Amino acid sequence: MKDQVEANVPLALLTAYQVGGPAQWFIQPSRYESLAESLAWARDSQLPITVIGAGTNLLISDQGIAGLVVHLRSWRGIEILDEGLLEVRAGESIAALSWLVARKGWAGLEWAVGVPGSVGGAVVMNAGAHGAQMADNLISVEVLTETGERLTLTAEQLQFSYRHSLLQERPWIVLSARIQLETGKDPATLTQTLNAFNDYRHRTQPSGFPNCGSVFRNPKEGHRAGWLIEQCGLKGYQVGAAQVAEKHANFILNLGGATAADILILMERMRSQVYDRWGISLEPEVRMFGHQILI
Ligand SMILES: Cc1cc2nc3c(=O)[nH]c(=O)nc-3n(C[C@H](O)[C@H](O)[C@H](O)COP(=O)(O)OP(=O)(O)OC[C@H]3O[C@@H](n4cnc5c(N)ncnc54)[C@H](O)[C@@H]3O)c2cc1C
């Protein structure tokens, strides 16, 4: 555990893309006191604060991130409040949680089995798959605001929509999530569903190279982003060591040694070709942090 602020900490290996520069200041708190103290220090020093979870939806610039980066991966703990009712700290793995609850015969998180992020990241992104999403079973979250206030926000207050929540526009830290699941289901059937979802993912999505899952949100116009990009003939297209995956065109792979700049240039190419051909403006799903992020 790193409960102290450190200077100039490399971030690339904390992200699924494995690219990006260092954090000017960095803390990986496991105790509330160290989190609150570091935030108060950043506030007094007028430093910007950036929160990262498991880093599976992040593109960090090659120049790194100025200010304090709070890495919440060690913020762990699961409390069972009642049958099917859980209070889960933000750093827990959402995929591991989906296995845990399925084995108890509690339904509602099967979609999350292949999502490699944290519970906090899943709330902020309203992560989802197979027609379900985080918002479906979320009762409330506890957040820490930029002024050090602890607030409980209901799912309604979080204004969830497709891969979006209010938290994407607020500099608040998700501490924990309260989740209500459907009880009394057959654990064997639930775990079968998890295995089937994993098999489907392995058949349809690339693996073997660092990537961040879907690069762009599926546009409102109806077509899926991957299909639109594929129709532009971009599968396999490469900038530096960043490549549009052959298996699924909405994935960018880091073939080894890619930079954030390679990925950004590739994203811009994908976006402009889709716009020129279809008149559709793709919106990045991946969150971009740090200096000189231009897209
Ligand atoms: C192979 C692969 C497959 C994927 N498949 C899917 C999929 O099927 N469906 C899907 O929705 N996503 C998918 N993703 C994307 C990603 O896993 C999700 O978006 C996930 O919810 C991100 O969680 P994270 O902890 O990694 O967040 P990060 O990537 O660390 O952060 C994402 C955003 O959340 C914020 N954040 C994270 N934790 C907190 C917190 N505690 N408090 C405040 N803000 C926070 C960050 O500031 C950032 O804005 C996939 C990614 C990969 C690599």
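The values are calculated or read from the model by the stated rules, or taken from the named source; none is laboratory data. Everything numeric in this text was worked out from a predicted model, so none of it was measured. When we count neighbours, we look across all protein chains shown, and the Cβ atoms used for this are built from the backbone with ideal geometry, even at glycine.
The single condition among (1) outside any strand (DSSP E or B); (2) of a type outside the set (Ser, Thr, Tyr); (3) outside the structural domain of residue 198 (by TED's automatic domain parsing) that residue 116 does not satisfy is (3). All conditions but one from (1) part of a loop (DSSP other than H, G, I, E, B); (2) away from the ligand (no atom under 11 Å from the Cβ); (3) over 30 Å from residue 189 (Cβ atoms); (4) modelled with pLDDT of 95 or more apply to residue 55; the one that does not is (2). Those helices (runs of 4 or more DSSP H) of region 180-295 in which at least 2 residues are surrounded by fewer than 16 Cβ atoms within 10 Å (Cβ to Cβ) and of a type in the set (S, T, N, Q), considering only elements entirely within it, cover 187-204. When the strands (runs of 3 or more DSSP E) confined to region 62-105 are screened for residues that are touching a helix residue (DSSP H, G or I) at 6+ places or on another chain (Cβ under 8 Å), closer than 24 Å to residue 183 by Cα and within 11 Å of the ligand (Cβ to nearest atom), those reaching at least 1 such residues are found at 85-89. Note on region 135-148: among residues that are in contact with a strand residue (DSSP E or B) (Cβ under 8 Å, 6 or more places away or on another chain) and touching a residue at least 40 places away in the same chain (Cβ under 8 Å), the one that is nearest to the ligand (Cβ to nearest atom) is 144.
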